[in-house]
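The values are calculated or read from the model by the stated rules, or taken from the named source; none is laboratory data. On a predicted model such as this, the values are computed, not experimentally measured, just so you know. FYI the Cβ positions are ideal-geometry reconstructions off the backbone, even for glycines, and counts take in every protein chain you see. Ligands, DNA and RNA are excluded from the accessible area calculation, which covers all protein heavy atoms including side chains. Shrake-Rupley method; radii C 1.70, N 1.55, O 1.52, S 1.80 Å.
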Amino acid sequence: MLALGLDVGEARTGLAEADTSAGVAVPVGALERAGDDAAHADAVLAEAARRGAQTLVVGMPLSMSGRPGPQAGRVEAFIALLRERGTLPVETVDERLSTVEAGRRMQESRGA
């Protein structure tokens, strides 16, 4: 199944595609915010449709303790808009240490 991963930020939303059977996401760009949250949700849903995504996976910004971080409330509100305005399933994933994990995988792929 093709998933579109979302890293929701204040100015843009990072996008990654993943075949859920492979378990690896590949960055595919970002959508700049233009307009309000509803318009941005519509833009994300249109991009998901264009790419043939069957599910959306949204990174949830949690603190190292596992509690929602400062951005988590805004991300949760955006998830609610995606669910309200679209038909795709929306899942969340803990994004703690995702940058560290990506760096580790890049080093492994280089043989370092």
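Restricting the stretch 37-52 to residues that are within 18 Å of residue 1 (Cβ to Cβ) and small (Gly, Ala, Ser), the residue that is least open to solvent (accessible area, probe 1.4 Å) is 48.
Scan the stretch 53-67 for residues that are surrounded by fewer than 16 Cβ atoms within 10 Å (Cβ to Cβ) and within 16 Å of residue 82 (Cα to Cα) and jot them down. Within the stretch 53-67, just 54 meets the criteria. Within the stretch 8-23, if we keep just the residues that are free of Cβ contacts under 8 Å to residues at least 60 places away in the same chain and not in a loop (DSSP other than H, G, I, E, B), the residue that is surrounded by the fewest Cβ atoms within 10 Å (Cβ to Cβ) turns out to be 19. The lone criterion from (1) modelled with pLDDT of 95 or more; (2) touching a helix residue (DSSP H, G or I) at 6+ places or on another chain (Cβ under 8 Å); (3) open to solvent by 50 Å² or more (accessible area, probe 1.4 Å) left unmet by residue 34 is number (1). For the stretch 69-80, the condition of being assigned to a loop (DSSP other than H, G, I, E, B), at pLDDT 65 or above and either of a type in the set (Ser, Thr, Tyr) or surrounded by 11 or more Cβ atoms within 10 Å (Cβ to Cβ) (or both) holds for at least one residue. Count, please, the residues in the stretch 43-62 that happen to be without any contact (Cβ under 8 Å) to a residue 24 or more places away in the chain and either of a type outside the set (A, V, I, L, M, F, W, C) or assigned to a loop (DSSP other than H, G, I, E, B) (or both). Selection size over the stretch 43-62: 1.
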